[in-house]
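Peer 1: My questions all concern the structure below.
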Amino acid sequence: MNGFREAESVEEVRELIDNNKMVFVFLYGEHCSVCHGVLPQIRPMIDSYNELMSIQADIEKLPMLSGEFTVFTVPVVLLFLEGKEVLRIARFIRTEELKERLDKILDSV
């Protein structure tokens, strides 16, 4: 696990997805209180998955991400497996549900 590094461009996010087997993406907004409450809850869980690469991005600073990943609300968590989106949870992210769904996907790989 590489930790949640901050994306500087849409291309950086796309490159990480294209060049790694499993990538976890956390999209947030700087002025989103839900986003700031969720990240500290999911970060330790995601960090425990050694096979995942992860990145976070502020869609207010990188608005093109909204179009690239069809995002209408934040926060959004996305999981890509071999470049394909296999998981999306938006707005209300329950850590238990996220863990269950991640475990199920990763167990099938």
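Peer 1: For the residue pair residue 73 and residue 34, what label-to-label distance in nm results when each label sits 7 Å from Cα along the Cα-to-beta-carbon direction?
Peer 2: Once both label points are built, they end up 0.5 nm from each other.
Peer 1: Please check the chain for the longest run free of trypsin sites (Lys or Arg not before Pro) that are loop-located per DSSP (anything but H, G, I, E, B) and have at most 14 other Cβ atoms within 10 Å.
Peer 2: 22-60
Peer 1: Would you mind ranking 46, 89 by Cβ crowding within 10 Å, fewest neighbours first?
Peer 2: Neighbour counts put them in this order, fewest first: 89, 46.
Peer 1: Please figure out what share of the DSSP beta bridges in the chain is antiparallel and state it in percent, rounded to the nearest 5.
Peer 2: For the chain, the DSSP antiparallel bridge percentage is about 60.
Peer 1: Could you work out the longest stretch of the chain that avoids the chymotrypsin sites (Phe, Trp or Tyr not before Pro) located in DSSP loops with at most 14 other Cβ atoms within 10 Å?
Peer 2: Maximal segment without exposed cleavage sites: 1-71.
Peer 1: Given the DSSP H assignment, sum -39500 (n - 2.57) over each helix run of at least 4 residues in the chain and divide by its residue total; what's the result at 222 nm in deg cm²/dmol, nearest 500?
Peer 2: Estimated from H runs of four or more residues: -12000 deg cm²/dmol.
Peer 1: Over the Cα atoms of the stretch 39-109, Rg to Rh with Kirkwood Rh, two decimal places?
Peer 2: For the stretch 39-109, the value is 0.94.
Peer 1: So, in nm, how far is label residue 100 from label residue 43 when the simple model puts each one 7 Å beyond its Cα toward the Cβ?
Peer 2: 2.6
Peer 1: Where in the stretch 34-109 are there GluC sites (Glu not before Pro) that are in a DSSP coil and have at most 10 other Cβ atoms within 10 angstrom of their Cβ?
Peer 2: Hits after loop and neighbour filter: 51.
Peer 1: Looking only at the stretch 73-103, which residues have a backbone nitrogen under 12 Å from a spot 7 Å from the Cα of residue 51 in the C-beta direction?
Peer 2: Residues passing the 12 Å test: 81-82, 102-103.
Peer 1: Right, next: What number comes out for the charge environment of residue 90, summing +1 per Lys or Arg and -1 per Asp or Glu over other residues with Cβ under 14 Å away?
Peer 2: +2
Peer 1: Starting from the Cα of residue 91, step 7 Å along the direction of its Cβ; do the same at residue 64; then give the gap between the two resulting points in nm.
Peer 2: Placing both labels 7 Å along Cα→Cβ, they lie 2.8 nm apart.
We did not get these values from a lab; they are worked out from the coordinates using the rules stated. Worth saying up front: this structure is predicted, and the values here are computed from it rather than measured. Glycine also receives a Cβ, built like all others from the backbone with ideal geometry; neighbour counts cover every protein chain displayed.
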